[in-house]
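In what follows, a single structure is set out as structure tokens and then discussed.
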Amino acid sequence: QVQLVESGGGLVQAGGSLRLSCAASGRTFSTLSMGWFRQAPGKEREFVATISWSGGSTYYSDSVKGRFTVSRNNAKNTVYLQMNSLKPEDTAVYYCASSRLRVGVKIRDYDYWGQGTQVTVSS
């Protein structure tokens with residue numbers, strides 16, 4: 001079993017930056033791909049970014065490509081999401097999740113989820 005705890009959310013002005021962290025428990029972190037999803041009020045949860053177990057492969061949704069960067073530190077059992085040039089439409093609860101697949105972009109690809117961290121971008 002994997003436990004995931006996100007942190008780093010908050011309130012930021014449009015154009016600003018935030019870095020989210022997701023700390024994982026368990027010895028298997030380095031064998032798991034990790035993903036970030038988000039859910040805005042009244043909307044479905046959507047894929048944001050994913051990173052393979054080694055960090056060698058990353059994928060992003062078109063809406064964040066070029067602004068967000070996903071990375072990981074397997075020695076610290078932590079995955080990060082650096083968010084730059086934030087827009088009001090990035091406002092959402094952000095979740096990290098783990099997967100046994102090499103990479104996954106769908107909710108059903110992921111086995112364990114964190115509790116989420118709120119990101120609010122003001123205009």
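Here is how the numbers come out for the structure above:
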read-out	value
Condition check for PHE47: surrounded by 22 or more Cβ atoms within 10 Å (Cβ to Cβ) and more than 18 Å from SER122 (Cβ to Cβ)	no
Top-ranked residue in region 10-22 [being under 18 Å from VAL64 (Cα atoms) and either among the charged types (D, E, K, R) or under 11 Å from the mean Cα position of the chain (by Cα) (or both); ranked as surrounded by the most Cβ atoms within 10 Å (Cβ to Cβ)]	LEU20
Candidates SER63, SER71 - the one that is of a type outside the set (A, V, I, L, M, F, W, C), assigned to a strand (DSSP E or B), open to solvent by 20 Å² or more (accessible area, probe 1.4 Å) and more than 18 Å from ASP109 (Cα to Cα)	SER71
Residues that are assigned to a loop (DSSP other than H, G, I, E, B) and either of a type outside the set (Lys, Arg) or under 25 Å from GLY10 (Cβ atoms) (or both), drawn from region 101-119	LEU101, VAL103, GLY104, VAL105, TYR110, ASP111, GLY114, GLN115, GLY116
Filter pass, THR78 being free of Cβ contacts under 8 Å to residues at least 24 places away in the same chain, within 28 Å of THR91 (Cβ to Cβ) and β-branched (Val, Ile, Thr)	no
Positions within region 24-39 being outside any strand (DSSP E or B), open to solvent by 50 Å² or more (accessible area, probe 1.4 Å) and under 17 Å from ASP109 (Cβ atoms), in sequence order	THR28, THR31
Members of region 74-117 that are of a type in the set (Asp, Glu), surrounded by 14 or more Cβ atoms within 10 Å (Cβ to Cβ) and closer than 19 Å to ALA40 by Cα	ASP90
Boolean, THR120 is farther than 12 Å from GLN39 by Cβ and either open to solvent by 10 Å² or more (accessible area, probe 1.4 Å) or of a type in the set (Gly, Ala, Ser) (or both)	yes
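For every residue, the table says whether it meets (1) modelled with pLDDT of 95 or more; (2) within 21 Å of SER25 (Cα to Cα).
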site	(1), (2)
ALA40	yes, no
ARG45	yes, no
ILE51	yes, yes
GLY56	no, no
SER63	yes, no
PHE68	yes, no
SER71	yes, yes
ASN77	yes, yes
MET83	yes, no
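The values are calculated or read from the model by the stated rules, or taken from the named source; none is laboratory data. Since this is a predicted model, take the numbers as computed values, not measurements. Every residue, glycine as well, gets a Cβ built from its backbone with ideal geometry; the counts of neighbours run over all protein chains shown. All accessible areas refer to the heavy atoms of the entire protein, side chains included, with ligands and DNA or RNA removed. Shrake-Rupley method; radii C 1.70, N 1.55, O 1.52, S 1.80 Å.
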